[in-house]
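Data block below; observations after.
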Amino acid sequence: MTFLDPWGQESQKQGSWRGTIHVHSLKELAEYENLAEHVKVTQKDLEQDGFSKNPFFHGIIAEVPEQHRTKEGHRKVGYTLYFYSYSSFVGRAIYMEDLYVMPEFRGKGVGKALMSKVAQLALAAGCHQLNFTILNWNKPSMDFYLGQGCFDATATIGYHCMRCEGEALKQLAQL
């Protein structure tokens, strides 16, 4: 897990994120997206899937200096979860599953610092794309991403994000 001071006041450090991201953080994002009832992952799932020999995801934690902590005393004010993927058109790619910043820290460069770090890791790994999804009603986030030079692949190329889950996934696996 990578820890990042979004304002560059401390050097970056590497370490275990056990205890730094909790399901609570994922639920905060889900509540913002009006999808809280869809969160099924547990703390045990996060720890197992992020720290196995071949982790399913990687993460970056935005940690601010002590003098900027929240009213509740939190220094970890945002995170991003990402994983490496592959595009049959361009090759190596990275997928950003989550980018979340606590409301009181939005507009202060935290989200940009997190996304920039994912982009740096992507380029270092030889990736040619950074992919992610965004809800169609989330105009503040859409404006943020467009401001970073991203484009809407649904509007531009016509791709739609599809999903197969639950019983449909089990039935598909039986074919």
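The values are calculated or read from the model by the stated rules, or taken from the named source; none is laboratory data. Here the structure is a predicted model, which means the values were calculated and not measured. Here the Cβ positions follow ideal geometry from the backbone for every residue, glycine too, while neighbour counts run over all protein chains shown. SASA here: full protein model, heavy atoms, side chains in, ligands and nucleic acids out. Shrake-Rupley method; radii C 1.70, N 1.55, O 1.52, S 1.80 Å.
Filter the range 117-127 down to the residues that are at negative phi and part of a loop (DSSP other than H, G, I, E, B), then identify the one that is surrounded by the fewest Cβ atoms within 10 Å (Cβ to Cβ).
Ala125
Residues in the range 35-70 that are open to solvent by less than 60 Å² (accessible area, probe 1.4 Å), in contact with a Phe, Trp or Tyr (Cβ under 9 Å, 6 or more places away or on another chain) and either of a type in the set (Gly, Ala, Ser) or part of a strand (DSSP E or B) (or both): how many?
Count: 6.
What number of residues in the range 145-175 are assigned to a loop (DSSP other than H, G, I, E, B) and closer than 25 Å to His38 by Cβ?
Residues that pass the stated criteria total 10.
Starting from the range 150-164, keep only residues that are within 22 Å of Lys112 (Cβ to Cβ), then list their pairs with residues that are surrounded by fewer than 10 Cβ atoms within 10 Å (Cβ to Cβ) whose Cβ atoms are within a distance under 9 Å, requiring at least 6 positions of separation or different chains.
Phe151/Ile157
Leu130 - would you say it is open to solvent by 40 Å² or more (accessible area, probe 1.4 Å), in a strand (DSSP E or B) and at pLDDT 95 or above?
When the stated conditions are applied, Leu130 passes them.
Of all residues in the range 133-149, count the ones that are open to solvent by 100 Å² or more (accessible area, probe 1.4 Å) and touching a residue at least 12 places away in the same chain (Cβ under 8 Å).
The qualifying residues number 0.
Does any residue of the range 101-116 turn out to be surrounded by 15 or more Cβ atoms within 10 Å (Cβ to Cβ), closer than 19 Å to Val23 by Cβ and without any contact (Cβ under 8 Å) to a residue 40 or more places away in the chain?
yes
Could you run through the range 9-34 and say how many residues are part of a loop (DSSP other than H, G, I, E, B), at pLDDT 60 or above and open to solvent by less than 60 Å² (accessible area, probe 1.4 Å)?
2
Looking at Pro65, Pro55, can you tell me which residue is in contact with an Asp or Glu (Cβ under 8 Å, 6 or more places away or on another chain), of a type outside the set (Ser, Thr, Tyr) and within 30 Å of Glu165 (Cα to Cα)?
Pro55
State whether one or more residues within the range 71-92 are at pLDDT below 95, open to solvent by less than 20 Å² (accessible area, probe 1.4 Å), of a type outside the set (Ser, Thr, Tyr) and assigned to a loop (DSSP other than H, G, I, E, B).
no
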